[in-house]
Amino acid sequence: MKDDKKSGFFSWLSSKIKKNKEIDTIKDKKEKIDDLNNKKLFVSETFFIKKDNLKKNKIEEINNDSNNIENNKNIKINFFSRLKENLKKTKEFLGDKINNIFLSKKIDSVLFEKLEETMLLADVGINTTTRIINNLIKDVNHKDLKISEKLYSLLKKNMYNILKKVEIPLEISAHTPFIILVVGVNGTGKTTTVVKLAKKYKLEGKSIMLAAADTFRAAGIEQLKILGKLHKIPVIAQHANSDPAAVVFDAVHSAKSKRIDVLIIDTAGRLHNKSHLIEELKKIVRVIKKIDVSAPHEKILIIDSCNGQNTIQQTEIFHKALDLTGMIITKLDGTAKGGVVFSLADQFKIPIRYIGIGEKMNDLGVFNSQEFINSIFLQK
């Protein structure tokens, strides 16, 4: 029995070259799917303008949210009660499949191979998956585990530890204004998220101002103005195609003169592989620093979880250019690719400030690693 167990693990390890080819095949399939998704996302500027048009019923739905502080506390509680339901696609694709693997009750190379494949297909990523698998193998060898339930618990603990390191809520410091720069690629939900953040901080009793630095799209400026007016939040804006840095310059000066608590800057969506657009973000940062050398106090990248492993390259380039201080992961309610959260946390160690699980104002919540794990995996 001991020899079988030993040979099982060594045969699994010695077959990594073969497995790597299989992994490459899986990655190729995923990359083709992701490429198709990207083409759909970035078809044309006209598409985004149409997408950003606010419908009357949507404005009315947002307007129905209560503005009182007590309701804000209830929103926080209700957010996590709804998290499990909204993560059901990721749960089915990652949590349930992993649980089924451990039903075999037998710890052998087959279990690890199935686990590896499941995690890769759920966008956990090859580097993070390999690290998790290797840690589990060490645990099995050192602790002489024979019960799959104990290994399942160790797996959850391992994955929880990855997320716990980036569970760092954003604290608004004493800077006046506290300046938040929001960046990301096209279609991640930046403008909507900016307004959700503004509404959240306003409910906490802070004075808020928004800067419409997405000057590429007239619809983007108009969207922010409408939502700002709806929630009684001032918006600094100029005409379409004006210099985004000039808008930011005006906004920072205005926020300072009015002693605004929080200034949130909404920037244009930009492809991470367009260097001139990334340089434009650097220019915005330089302009801010001329007015306040300590600012921006938070540089947040908005990540669309539906993009899966494509978000890794996006994060890498934005982080290199701006030295990000936080990220918000959106659209977790509409994707089976929630496993990418583990990959992002493991590779970049950038604090995950919030996660989004829907379009309503109360669908943005502070990231909690334990709640996230509990929403995906069975509690044994």
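Please enumerate the residues belonging to segment 161-172 that are of a type in the set (S, T, N, Q) and under 17 Å from Ile265 (Cβ atoms).
Initially, segment 161-172 is screened for residues of a type in the set (S, T, N, Q), giving 161.
Within segment 161-172, no residue meets the criteria.
Results for (1) assigned to a loop (DSSP other than H, G, I, E, B); (2) out of contact with any helix residue (DSSP H, G or I) (no Cβ under 6 Å at 6 or more places or on another chain); (3) hydrophobic (A, V, I, L, M, F, W, C); (4) closer than 16 Å to Phe216 by Cβ, shown as yes or no for each residue.
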| residue | (1), (2), (3), (4) |
| --- | --- |
| Ile260 | yes, yes, yes, no |
| Glu279 | no, yes, no, yes |
| Val293 | yes, yes, yes, no |
| Pro296 | yes, no, no, no |
| Ile300 | no, yes, yes, no |
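Could you list, in sequence order, the residues of segment 332-374 that are basic (Lys, Arg), modelled with pLDDT of 95 or more and either within 20 Å of Lys88 (Cα to Cα) or part of a loop (DSSP other than H, G, I, E, B) (or both)?
Just the residues of segment 332-374 that are basic (Lys, Arg), to begin with: 337, 349, 353, 360.
Filter once more, keeping what is modelled with pLDDT of 95 or more: 349, 353.
Across segment 332-374, the qualifying residue is only Lys349.
Out of Lys150, Lys106, which single residue is over 20 Å from Gln347 (Cβ atoms), without any contact (Cβ under 8 Å) to a residue 12 or more places away in the chain and more than 23 Å from the chain's Cα centre (by Cα)?
Values: Lys106 fails: without any contact (Cβ under 8 Å) to a residue 12 or more places away in the chain.
Of the residues listed, the single one that is over 20 Å from Gln347 (Cβ atoms), without any contact (Cβ under 8 Å) to a residue 12 or more places away in the chain and more than 23 Å from the chain's Cα centre (by Cα) is Lys150.
A quick yes/no check of all residues on (1) touching a residue at least 40 places away in the same chain (Cβ under 8 Å); (2) in contact with a strand residue (DSSP E or B) (Cβ under 6 Å, 6 or more places away or on another chain); (3) surrounded by fewer than 20 Cβ atoms within 10 Å (Cβ to Cβ); (4) within 27 Å of Asp323 (Cβ to Cβ):
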| site | (1), (2), (3), (4) |
| --- | --- |
| Asn161 | no, no, yes, yes |
| Thr191 | yes, yes, no, yes |
| Val194 | yes, yes, no, yes |
| Lys199 | yes, no, no, no |
| Met209 | yes, yes, no, yes |
| Gly220 | yes, no, no, yes |
| Gln223 | yes, no, no, no |
| Ile236 | no, yes, no, yes |
| Asp250 | no, yes, yes, yes |
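Are any residues in segment 216-238 part of a loop (DSSP other than H, G, I, E, B) and modelled with pLDDT of 90 or more, and if so, which ones? Spell out the reasoning first.
From segment 216-238, those part of a loop (DSSP other than H, G, I, E, B) are 216-217, 231-234, 237-238; that's our starting set.
Across segment 216-238, the qualifying residues are His231, Lys232, Ile233, Pro234, Ala237, Gln238.
Can you tell me which residue among Lys349, Lys320, Lys360 is of a type in the set (Lys, Arg) and either in contact with a Cys (Cβ under 7 Å, 6 or more places away or on another chain) or free of Cβ contacts under 8 Å to residues at least 40 places away in the same chain (or both)?
Answer to the selection: Lys320.
Which condition number in (1) at pLDDT 95 or above; (2) surrounded by fewer than 23 Cβ atoms within 10 Å (Cβ to Cβ) is the one that Gln379 fails?
Going through (1) at pLDDT 95 or above; (2) surrounded by fewer than 23 Cβ atoms within 10 Å (Cβ to Cβ) one by one, Gln379 breaks only (1).
Give all pairs with beta carbons closer than 8 Å in which a residue from segment 165-185 that is part of a loop (DSSP other than H, G, I, E, B) meets a residue that is surrounded by 15 or more Cβ atoms within 10 Å (Cβ to Cβ) and of a type in the set (Asp, Glu); count only pairs at least 6 apart in sequence or on separate chains.
Here the result reads Leu170/Glu298; Ile172/Asp261; His175/Asp292; Thr176/Asp261; Pro177/Asp261; Gly184/Asp304; Val185/Asp304, each pair linking segment 165-185 to a residue that is surrounded by 15 or more Cβ atoms within 10 Å (Cβ to Cβ) and of a type in the set (Asp, Glu).
I'm trying to understand the selection: among the residues of segment 190-211, which are among the basic types (Lys, Arg) and part of a loop (DSSP other than H, G, I, E, B)?
Kept after step one, since they are among the basic types (Lys, Arg), are these residues of segment 190-211: 190, 196, 199-200, 202, 206.
Scanning segment 190-211 gives a single hit, Lys206.
Just to be sure, is Ala246 outside any strand (DSSP E or B), more than 23 Å from Gly326 (Cβ to Cβ) and over 26 Å from the mean Cα position of the chain (by Cα)?
Values: outside any strand (DSSP E or B): yes; more than 23 Å from Gly326 (Cβ to Cβ): yes; over 26 Å from the mean Cα position of the chain (by Cα): yes.
For Ala246, the condition - outside any strand (DSSP E or B), more than 23 Å from Gly326 (Cβ to Cβ) and over 26 Å from the mean Cα position of the chain (by Cα) - is met.
The values are calculated or read from the model by the stated rules, or taken from the named source; none is laboratory data. Since the structure is predicted, the reported quantities are computational estimates derived from the model, not experimental observations. Ideal geometry is used to build each Cβ from the backbone, glycine not excepted, and the neighbour counts take in all protein chains shown.
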